[in-house]
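Visitor: Here it is: the structure, laid out below.
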């Protein structure tokens with residue numbers, strides 16, 4: 001069982017995410033991967049994850065600007081594979097550019113969250129989003 | 001005249017009759033013998049040869065002169081970097097390139113006339129007619145009135161026409177005119193004098209009779225265009241089109257540079273947003289976390305220090321945002337449409353009043369003619385002007401802000417007035433500069449970006465912005481948007 005896969009290269013963001021997850025009850029299980037390439041390998045069971053059948057998360061939270069494959073490429077690949085086509089996928093980015101938003105939705109993102117600057121706002125947004133999407137995901141029985 | 005005997009000697013030029021020597025004898029009939037006639041014939045042949053040589057010399061000299069003129073015109077266009085100026089504003093104009101007496105240039109939508117020409121309307125009529133009758137790029141005639149009836153009216157100016165198409169698409173033409181030839185000739189006698197029949201009912205061959213026939217022939221006709229004139233005109237067209245193409249290339253290159261620097265700017269603002277904002281967010285968030293987790297253990301002075309860190313990072317993040325806003329106004333396209341100004345202004349008014357609930361502030365909105373602009377940018381203009389008006393009238397007991405629109409000719413002018421502190425005219429140069437703030441404004445929050453953005457947006461709309469100020473009485477900012485009549 002894995003609740004959240006968070007794809008994020010900024011260690012401060014990752015640190016704050018860990019902190020926020022720890023404050024939630026119950027605490028969701030999560031995995032943080034620092035690059036788009038690793039995330040694609042993980043979700044599509046390829047590269048170093050080949051043959052390991054890693055657990056699929058209930059929610060993918062993804063930053064857009066990532067080293068290697070960008071967030072957009074991850075969304076595209078996830079949506080192209082039958083195994084991961086219906087995974088809830090939420091973009092979590094500091095970009096307010098409408099072009100980025102449009103592109104993310106066009107590629108199949110379920111939601112787009114703009115990273116707030118203040119910790120209190122991040123906290124409120126993150127807890128709400130995680131709560132909502134995990135409930136959605138758990139109530140969905142394929 | 002009492003002429004008893006006459007003899008004429010033909011002068012030939014290139015096998016054609018060029019002129020003649022007429023000899024008259026008055027006292028009595030006179031017979032010229034064969035020998036004398038032979039020597040006279042020799043004289044005529046000699047004269048004809050000399051004539052040919054002289055004419056050829058003249059032609060060579062004339063061709064050389066035209067060549068010099070053509071080169072001069074080319075140089076002038078290059079030096080002035082302007083076709084119209086190069087062709088019309090120097091001692092040598094394109095009229096000198098042919099024997100024409102009038103010339104016209106239709107270029108970039110403007111008609112330029114030189115010398116003796118038909119009126120502007122008549123010239124435009126000729127061009128329209130050419131446009132609809134021929135697709136040739138060169139058109140020449142020495143009898144325009146016979147092809148184009150309206151030319152009868154101005155045949156004294158343009159019986160001959162040489163026209164070069166510069167661009168059919170852009171409707172650009174070069175024209176030269178020659179007058180009807182009959183107008184140029186000084187007659188040796190009265191052309192009205194009737195031909196007289198002799199008592200035997202015979203009509204004798206006489207110069208008067210052939211004269212009459214000749215006038216019939218030259219009606220509506222001008223001197224034909226010489227091959228060298230057409231050659232020079234064609235050469236001129238090549239030079240002109242070259243200058244036009246060079247200018248177009250230069251503009252294209254400049255556009256390319258501009259596009260490149262716009263892309264650079266966009267890449268730069270992206271870097272600024274991402275690379276600067278994320279460490280700043282970290283500073284901000286960890287400060288909050290520290291205050292959350294250890295706030296209870298901090299004394300007042302430590303709390304004040306954390307407060308300063310928070311405020312400084314807030315300020316920095318606002319600065320980054322405003323830089324982005326400012327650069328965003330310069331890049332990206334404009335989406336022009338007619339904007340519902342009353343609605344937009346009312347909304348801005350509500351938002352501003354909501355944030356200023358504790359003051360005596362009224363915002364009056366007068367006439368609101370619609371204007372054409374990019375919605376996001378126009379809202380930004382009025383938002384910046386109105387929030388300045390609200391901000392700088394904060395210390396006035398009864399703050400009055402008013403917005404008034406006015407459609408005037410080809411522009412829509414809006415004014416935003418307030419009765420606040422106003423602007424020190426000594427610092428007027430700073431008003432629209434980025435990050436410049438006036439002394440009087442230093443105690444008010446702000447970054448010196450709002451009016452710089454207004455100016456930039458108005459520039460992008462080909463509009464204007466200006467102001468007038470009577471400090472502590474009334475200060476008014478004006479923005480003028482051009483109306484697009486399309």
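Visitor: State which residue is farthest from residue A:117 (Cα to Cα) when the search covers only the stretch A:87-101 and only residues that are within 14 Å of another protein chain (Cβ to nearest Cβ) and in a helix (DSSP H, G or I). Please lay out each step first, then the result.
Guide: We begin by selecting, within the stretch A:87-101, every residue within 14 Å of another protein chain (Cβ to nearest Cβ); these are A:92-100.
Then drop every residue that is not in a helix (DSSP H, G or I), which leaves A:98-100.
Numbers: A:98: 18, A:99: 21, A:100: 19 Å.
Across the stretch A:87-101, the extreme among qualifying residues is A:99.
Visitor: For the subset of the stretch B:271-281 comprising residues that are within 8 Å of chain A (Cβ to nearest Cβ) and under 17 Å from residue B:326 (Cβ atoms), which member is modelled with the lowest pLDDT?
Guide: Among those residues, the one meeting the criterion is B:273.
Visitor: Before we move on, is residue A:66 within 14 Å of the chain's Cα centre (by Cα) and under 21 Å from residue A:28 (Cβ atoms)?
Guide: So residue A:66 does not fit the description; no.
Visitor: Another question, if that's okay. In the stretch A:1-17, which residues are in contact with a helix residue (DSSP H, G or I) (Cβ under 8 Å, 6 or more places away or on another chain) and more than 14 Å from chain B (Cβ to nearest Cβ)?
Guide: Residues of the stretch A:1-17 in contact with a helix residue (DSSP H, G or I) (Cβ under 8 Å, 6 or more places away or on another chain): A:3-8, A:10, A:12-13, A:16-17.
Result: A:3, A:4, A:5, A:6, A:7.
Visitor: Looking only at residues in the stretch A:18-28 that are assigned to a loop (DSSP other than H, G, I, E, B) and in contact with a helix residue (DSSP H, G or I) (Cβ under 9 Å, 6 or more places away or on another chain), which one is surrounded by the most Cβ atoms within 10 Å (Cβ to Cβ)?
Guide: Result: A:28.
Visitor: A further question follows. Can you tell me which of B:22, B:36, B:28, B:64 is modelled with pLDDT of 85 or more, loosely packed, with under 12 Cβ neighbours inside 10 Å and in a strand (DSSP E or B)?
Guide: B:22
Visitor: Just for the stretch B:282-303: of the residues that are free of Cβ contacts under 8 Å to residues at least 12 places away in the same chain and within 8 Å of chain A (Cβ to nearest Cβ), which one is farthest from the chain's Cα centre (by Cα)?
Guide: This residue is B:292.
Visitor: Still on this structure: Can you tell me which residues in the stretch A:43-65 are touching a strand residue (DSSP E or B) at 6+ places or on another chain (Cβ under 8 Å) and closer than 22 Å to residue A:105 by Cα?
Guide: The answer is A:43, A:56, A:57, A:58, A:59, A:60, A:61, A:62, A:63, A:64, A:65.
Visitor: Next up: Can you give me the number of residues within the stretch A:114-135 that are within 14 Å of another protein chain (Cβ to nearest Cβ) and either crowded, with 19+ Cβ neighbours inside 10 Å or not in a helix (DSSP H, G or I) (or both)?
Guide: The qualifying residues number 9.
Visitor: Just checking, how many residues over the stretch B:432-454 are crowded, with 21+ Cβ neighbours inside 10 Å and more than 19 Å from residue B:315 (Cα to Cα)?
Guide: 1
Visitor: Let me ask you something else. Any residue that is without any contact (Cβ under 8 Å) to a residue 60 or more places away in the chain, in a helix (DSSP H, G or I) and surrounded by 13 or more Cβ atoms within 10 Å (Cβ to Cβ) - is there at least one of those in the stretch B:90-100?
Guide: yes
Visitor: Quick one: count up the residues across the stretch B:463-486 that are within 15 Å of residue B:414 (Cα to Cα) and outside any strand (DSSP E or B).
Guide: Of the residues in that region, 2 qualify.
Visitor: Determine whether the stretch A:29-43 contains at least one residue that is surrounded by fewer than 19 Cβ atoms within 10 Å (Cβ to Cβ), in contact with a helix residue (DSSP H, G or I) (Cβ under 7 Å, 6 or more places away or on another chain) and assigned to a loop (DSSP other than H, G, I, E, B).
Guide: Within the stretch A:29-43 (the criterion being surrounded by fewer than 19 Cβ atoms within 10 Å (Cβ to Cβ), in contact with a helix residue (DSSP H, G or I) (Cβ under 7 Å, 6 or more places away or on another chain) and assigned to a loop (DSSP other than H, G, I, E, B)), the answer is no, since none of the residues qualifies.
The values are calculated or read from the model by the stated rules, or taken from the named source; none is laboratory data. Every value quoted in this text rests on a predicted model; they were computed, and no experiment measured them. Note that we place each Cβ from the backbone using ideal geometry, even for glycine, and neighbour counts take in every protein chain shown.
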